[in-house]
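Okay, so here's the structure we're looking at.
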Amino acid sequence: MRAIQPESTERVVDGGAGAPRRLAEELPQYLALAAIFVLTFVAYSPVLFNFFNGDDFVHLTWLAQAIHQPELVWRNFHSSWLDGTTTKFYRPLISVFMVSDYALYGANGLGFRITNLLFHLSSTVWIYFIGRHLLELGHSQNPSLTDSAAKIAAEQHVREKQNLWPLAAAALFALYPLHPEAVSWITGRVDSVVTAFCLGAVFFYMRYSKTGKVLYLALCLVATSLGLMSKEMAMTLPAVFTFYELVYSKIWSQKDFSLSKIATYLPPFFRTLPFWLLLLGYFGVRLLALGTFVGGYDDSLFFISNPREFINGWLHALLMFLQPINKSLIGTHHILSKLWPAGVVLSAVSGLANLILEKQNRRHFVFVAGWLVLCLIPVYKLFNISDDLQGSRLAYLATVPLCLLLTSGLLPLTRLPKLKIASALAAALMLILSTIILWTNNLPWRQAGLENNAIRSALQELYNKVAGDPQLLFLGLPDQIQGAYTCRNSLDGMTRVPQLSRTVQNCLMVNAFEPIFPFGFLKDSIAQNQDKILIYKWNPQTKAFDKISVDATQDTQAKPLWTGADLKQCLSLPEQKTKPDIKWLSDGALEVSSTSRQPEFLEFDPGPRSCFTTDFVEFDISLNDPAGADAGADLLYSNDMYPDFELKRRAHAHFSPGKKEQVVYFALHGLPEWSLGGKTHRFRLLIPAGAKMRIRAVALPQKQLVIPAISFANSGYFGTKGYIHLGPKQNKASLKVDVSKISGATKFALEVTRTNLLFEEQNPQAQSKVAGKFQVFEQKQGDVVLNYADFKSAGLYELRIVPLAADGSICGAASDHLAVSVD
């Protein structure tokens, strides 16, 4: 067993005056920590205002009830977080902190943000003490130090002279630019809270492992328990403790690897046993509270719908992890985008040099690298950081070992001490850049919060004019602003007391992002009841809501068609950086070839038509290389509401692999920003890179010729709004399906997603990769009965009907989706 070094021996060296002397020695370190706190506060100052973002409004609605009904808080300890039915999280402690903030500050966002920042700074302190402990451990395990007094003196030397690494690591973490989503967003505190408890647990375990004191064991068990009650990330702690014991075991300094010798070093691993038992108990609590061990967003631990996208997402996330620059704010050619990689490379080189030159530091590298891997395992299915840093909160805990690694060049050196100067310069560069980039990355959160304040004010003004609680649809509310969540999941909270002077319920937000609300399915009932439904669009320039009307004018032609000379008249090749090669053939078809990796496009002008009744754009094409065309193509749209082309306003169409002659449909039918946008303008067809195709015809078919008709009782906008509810009492639902008007369709299939997963796109020509059920019905018309027993667990599902030809291939496109809520 590893010998335990009592901490009390430090007093022997200090000669009885240890405490004052030690405080004087360490005062500069604590002053440096205070300076880090001040700099961190400055970097986060743009967001310390009274506003909320996105899911914060979900919490405000719950908090307004929980403050008067403590049972709602207690229920989080024995059921799903916030009584969630579509997600299964066990995070009761987050609710406790939320309620505490609400009791202290009310609906004042400043107080909530100060709490977030305090948790962030507490993690910064823990990193400093963890780094110090590792340095002391490295000196105490130095084989050249055989005398215990010499080891104590070495530890004192660490306190006096060698604290640059812990300070630099703590400072880099405090200012790391990836953190705004976890710190600046109030709901993001889930990650900052669990990280603070996890780091506290790691530090207390290290002290317990060294001293054997029961107090440290108790503190570690408490911190681990609090972490497990904050977020699932804490479940890796027993593995971290075991890995720590493995890395710092004395067995590696022995030359005798016989079983008998190894057995003498096994007892330290038994110290981790209480934590594995605690984890086992935690899973038991989850089973009782949630009915499942796994839970989360879905019930599948290993299901990956698209392995290629999964791998690409991970690679991109790792890149953003190391280069946390919001690309929507700072372009790739900006000086900061060039200096940051240089700082990372210099830091990595200095760390690698330290690893090679200093043998006693190598265990630190191994432990911190392994800790980094363990931090990413719990989020392996969700680890996807976008260019605007959405999703970055999932990497918050992992930045702790990352910052320790990036500053590892400052670990003690006995050879080439001048290298430490270069390492210090690299660390200084990283800290300066971090402060600037972090402050910049925080600006969108301030802008999003101020936009939400303007929206809330405009909602109050609107409802001062609108009597009662009529049916309202809101269009154009921003989902996010440069990566900062704005109105995502927020409207329900914005339209309740105290955010609004009176609570209203009959309002919905629709936009292109919304993947659940079945807008396409409800279009007919919206048109039929347009005199009873008020529709408003958010105007970001005037900060007010503009009223819009539904133009449900039907085109006289069942299928407007452009071929030959008409096709040549409506297709054009506008100015662009690089143009595709085009050639008009004798049969009236257009041959187009992409000649560059840059985006190239054609424009199509159908003339002014009602967007509401223009559901699909159909292209009859021939592919020269159908085997290599699996990516498909995109169609950008413009209309009265959005006259300029933007990449986010587009429809996607799949190409059928291996099929040369095919008809592809770009589905606009379920896009609110298109359907409610007035009259059509132009379309822009993006040509896939390297593709060569012939376009024979373009058409605007009506929806009944493309997608199946689907209905059920009371399904309209003034009914269930396209939602089907199933439970023990209401255990059946019946759908009417008709594919008889779709050319080539002889049967259909029912497609249902896995639990709490959503279809990837609207009205596609391909099967979903997240489907858990694909049931074929050998008929063109008929009823489909949904049974409660067929759904394996409670949660949210989506379903749709897919039209099939006799050979089983898809003809037309899939129907609008319906939402199924299973209790």
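The values are calculated or read from the model by the stated rules, or taken from the named source; none is laboratory data. Just so you know, these numbers come straight off a predicted model, no measurement behind them. We place every Cβ from the backbone using ideal geometry, glycine too, and count neighbours over all the protein chains shown.
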Task: Among the candidates Leu31, Leu39, Leu27, Leu48, residue that is closer than 26 Å to Arg91 by Cα and either among the aliphatic types (A, V, I, L, M) or under 28 Å from the mean Cα position of the chain (by Cα) (or both) - done: Leu48
Open item on the list: Quick check on my filter: what residues within region 66-79 are surrounded by fewer than 20 Cβ atoms within 10 Å (Cβ to Cβ), aliphatic (A, V, I, L, M) and in a helix (DSSP H, G or I)?
Closed with: Leu72, Val73
Task: Top-ranked residue of region 46-61 - restricted to ones that are out of contact with any helix residue (DSSP H, G or I) (no Cβ under 7 Å at 6 or more places or on another chain) and in a loop (DSSP other than H, G, I, E, B), ranked as farthest from Val190 (Cα to Cα) - done: Gly54
Open item on the list: Which numbered condition in (1) under 15 Å from Thr746 (Cα atoms); (2) at pLDDT 95 or above is the only one that Cys811 fails?
Closed with: (2)
Task: Conditions (1) of a type in the set (Val, Ile, Thr); (2) under 25 Å from Leu590 (Cβ atoms); (3) not assigned by TED's automatic domain parsing to the domain that holds Leu636: number failed by Ile742 - done: (2)
TODO: Determine whether region 568-578 contains at least one residue that is under 36 Å from the mean Cα position of the chain (by Cα) and crowded, with 21+ Cβ neighbours inside 10 Å.
DONE: no
TODO: Scan region 492-532 residue by residue and report those that are more than 23 Å from Ser711 (Cα to Cα), outside any loop (DSSP other than H, G, I, E, B) and of a type in the set (Gly, Ala, Ser).
DONE: Gly493
Task: Qualifying strands (runs of 3 or more DSSP E) (wholly inside region 603-701; at least 1 residues being among the aromatic types (Phe, Trp, Tyr) and touching a residue at least 40 places away in the same chain (Cβ under 8 Å)) - done: 616-623, 633-639, 661-667, 680-687
Open item on the list: Being at pLDDT below 85 and either in a loop (DSSP other than H, G, I, E, B) or under 30 Å from Asn442 (Cα atoms) (or both) narrows it down to one residue among Leu82, Leu27; which is it?
Closed with: Leu82
Open item on the list: Need pairs with beta-carbon distance below 6 Å; first residue touching a residue at least 12 places away in the same chain (Cβ under 8 Å) and within region 374-387, second basic (Lys, Arg); sequence gap 6+ or separate chains.
Closed with: Asp387/Lys327
Open item on the list: For region 585-595, check the following and say yes or no: at least one residue is of a type outside the set (Asp, Glu), part of a loop (DSSP other than H, G, I, E, B) and buried (at least 18 other Cβ atoms within 10 Å of the Cβ).
Closed with: yes
Task: Residue selected from region 328-350 under the condition under 17 Å from Gln482 (Cα atoms) and of a type in the set (Val, Ile, Thr), by the criterion surrounded by the most Cβ atoms within 10 Å (Cβ to Cβ) - done: Ile330
TODO: All but one of (1) aliphatic (A, V, I, L, M); (2) in a strand (DSSP E or B); (3) in contact (Cβ under 8 Å) with a residue 40 or more places away in the chain hold for Ile582, so report the exception by its number.
DONE: (3)
Task: Residues within region 325-375 that are not in a helix (DSSP H, G or I) and not hydrophobic (A, V, I, L, M, F, W, C), tallied - done: 8
Task: Residue satisfying condition, being assigned to a loop (DSSP other than H, G, I, E, B), crowded, with 16+ Cβ neighbours inside 10 Å, under 28 Å from the mean Cα position of the chain (by Cα) and among the basic types (Lys, Arg), within set Lys741, Lys721 - done: Lys721
TODO: Return yes when Lys523 is closer than 12 Å to Tyr717 by Cα, touching a residue at least 24 places away in the same chain (Cβ under 8 Å) and either surrounded by fewer than 19 Cβ atoms within 10 Å (Cβ to Cβ) or of a type in the set (D, E, K, R) (or both) and no when it is not.
DONE: yes
Open item on the list: Quick check on Asp469: is it among the acidic types (Asp, Glu), in a loop (DSSP other than H, G, I, E, B) and in contact (Cβ under 8 Å) with a residue 24 or more places away in the chain?
Closed with: yes
Task: Single match in Gln530, Gln576, Gln541 (criterion: closer than 30 Å to Leu799 by Cβ and not aliphatic (A, V, I, L, M)) - done: Gln530
TODO: Provide a single number: the residues in region 754-806 that are touching a residue at least 24 places away in the same chain (Cβ under 8 Å), assigned to a strand (DSSP E or B) and within 25 Å of Leu705 (Cα to Cα).
DONE: 16
Open item on the list: Here is a check on your reading of the model: is Ala427 touching a residue at least 40 places away in the same chain (Cβ under 8 Å), farther than 19 Å from Gln390 by Cα and surrounded by 19 or more Cβ atoms within 10 Å (Cβ to Cβ)?
Closed with: yes
Task: Enumeration of residues in region 85-112 that are modelled with pLDDT under 95, crowded, with 21+ Cβ neighbours inside 10 Å and either more than 24 Å from Arg286 (Cβ to Cβ) or assigned by TED's automatic domain parsing to the domain that holds Gln499 (or both) - done: Gly109
TODO: Could you please give the count of residues in region 233-251 that are farther than 12 Å from Thr272 by Cβ, in a helix (DSSP H, G or I) and in contact (Cβ under 8 Å) with a residue 60 or more places away in the chain?
DONE: 5
Open item on the list: Among (1) touching a Gly at 6+ places or on another chain (Cβ under 9 Å); (2) in a loop (DSSP other than H, G, I, E, B), there is one condition Arg415 misses while meeting the rest; what is its number?
Closed with: (1)
- [ ] Being modelled with pLDDT of 95 or more and surrounded by fewer than 18 Cβ atoms within 10 Å (Cβ to Cβ) is the filter; apply it to region 354-371 and report the residue that is farthest from the chain's Cα centre (by Cα).
- [x] Val366
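Yes or no, residue by residue, for (1) in contact with a helix residue (DSSP H, G or I) (Cβ under 6 Å, 6 or more places away or on another chain); (2) at pLDDT below 95; (3) not assigned by TED's automatic domain parsing to the domain that holds Ser392:
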position: Phe269; (1), (2), (3): yes, yes, no
position: Val285; (1), (2), (3): no, yes, no
position: Ala289; (1), (2), (3): no, yes, no
position: Glu309; (1), (2), (3): no, yes, no
position: Ala317; (1), (2), (3): no, no, no
position: Asn326; (1), (2), (3): yes, no, no
position: His333; (1), (2), (3): no, yes, no
position: Trp340; (1), (2), (3): yes, no, no
position: Val345; (1), (2), (3): no, no, no
- [ ] Specify which of the listed residues (Leu134, Leu82) is assigned by TED's automatic domain parsing to the domain that holds Gly284, on the phi > 0 side of the Ramachandran plot and touching a helix residue (DSSP H, G or I) at 6+ places or on another chain (Cβ under 7 Å).
- [x] Leu82
Task: Within region 767-802, considering residues that are at pLDDT below 90 and crowded, with 16+ Cβ neighbours inside 10 Å, the one farthest from Asp615 (Cα to Cα) - done: Ala794
- [ ] Please list, ordered by first then second residue, the pairs with beta carbon atoms under 9 Å, 6 or more apart or interchain, first in region 214-232 and without any contact (Cβ under 8 Å) to a residue 24 or more places away in the chain, second small (Gly, Ala, Ser).
- [x] Tyr216/Ser209; Leu219/Gly200; Leu219/Ala201; Val222/Gly200; Val222/Ala201
